[in-house]
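All remarks here apply to the structure that follows.
The values are calculated or read from the model by the stated rules, or taken from the named source; none is laboratory data. Every value quoted in this text rests on a predicted model; they were computed, and no experiment measured them. Note that each Cβ is placed from the backbone with ideal geometry, even for glycine, and that neighbours are counted across all protein chains shown.
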Amino acid sequence: MKIKLILDTNVFLLLYEGINPLEELEELFGGRAEFYTLKPVIHELKKLSGKKGSRKGRAASLVLDSGILGRVKVIEFEGRSQNVDESILEYVSSNPEFAVVTLDAELRNRLKNAGIKVLTWWRSMHRFSTG
């Protein structure tokens, strides 16, 4: 059985730190992970990549140029809000078969409070785990 994962923007930015989040998640789930993201995440990466002088801008550019997004299915969902976190929360609330992968503590807490499965990268352990 495949594990459906929705990836937040900040998960992709781990690539800038030398961490390939897709490989790490595939290892965690024994190759059973399916990767998804929402269209607003792609928009946010493109917006961030325009800020070349910032660390996040360079990280987003690396993500967009790396080809990693070719392994991720993009869900055409905009949601009622222009906010990426709100769109993720809205989408998974209606699609409980997905778990969310995020580094955002506030989003992680909101998802957990809504009963949604969440994974996060624990820098201290150098691995993904339930948040």
- prompt: Picking from VAL11, VAL41, which residue would you name as being surrounded by 13 or more Cβ atoms within 10 Å (Cβ to Cβ), under 23 Å from ASN95 (Cβ atoms) and in contact (Cβ under 8 Å) with a residue 60 or more places away in the chain?
  reply: VAL11
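Could you list all residues from the stretch 20-75 that are among the charged types (D, E, K, R) and within 25 Å of MET1 (Cβ to Cβ)? Working first, answer last.
Of the residues in the stretch 20-75, the ones among the charged types (D, E, K, R) are 23-24, 26-27, 32, 34, 39, 44, 46-47, 51-52, 55-56, 58, 65, 71, 73.
Passing the criteria: GLU23, GLU24, GLU26, GLU27, ARG32, GLU34, ARG71, LYS73.
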message: If I ask for residues that are in a loop (DSSP other than H, G, I, E, B), loosely packed, with under 12 Cβ neighbours inside 10 Å and of a type in the set (Asp, Glu), which ones from the stretch 51-82 would you list?
response: GLU76
field: Check on VAL92, crowded, with 19+ Cβ neighbours inside 10 Å, at pLDDT 95 or above and under 13 Å from LEU38 (Cα atoms)
entry: yes
- line: Of (1) in contact (Cβ under 8 Å) with a residue 60 or more places away in the chain; (2) over 25 Å from MET125 (Cβ atoms), ILE3 fails just (2)
field: the stretch 97-126, residues that are loosely packed, with under 12 Cβ neighbours inside 10 Å and either over 19 Å from LYS4 (Cβ atoms) or of a type outside the set (Gly, Ala, Ser) (or both)
entry: GLU97, ALA105, GLU106, ASN113, ARG123, SER124, MET125, HIS126
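Filter the stretch 109-125 down to the residues that are more than 15 Å from LEU38 (Cβ to Cβ), part of a loop (DSSP other than H, G, I, E, B) and in contact (Cβ under 8 Å) with a residue 24 or more places away in the chain and list them by number.
Of the stretch 109-125, the ones more than 15 Å from LEU38 (Cβ to Cβ) are 109-110, 112-115, 117-125.
Then keep just the ones that are part of a loop (DSSP other than H, G, I, E, B); that gives 114-115, 117, 123-125.
Within the stretch 109-125, ALA114 is the sole residue that qualifies.
Table: residues versus (1) of a type in the set (Ser, Thr, Tyr); (2) more than 15 Å from the chain's Cα centre (by Cα); (3) closer than 24 Å to ARG127 by Cα; (4) assigned to a strand (DSSP E or B).
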| site | (1), (2), (3), (4) |
| --- | --- |
| GLU27 | no, yes, yes, no |
| GLU34 | no, no, yes, yes |
| PRO40 | no, no, no, no |
| SER93 | yes, yes, no, no |
| LEU107 | no, no, yes, no |
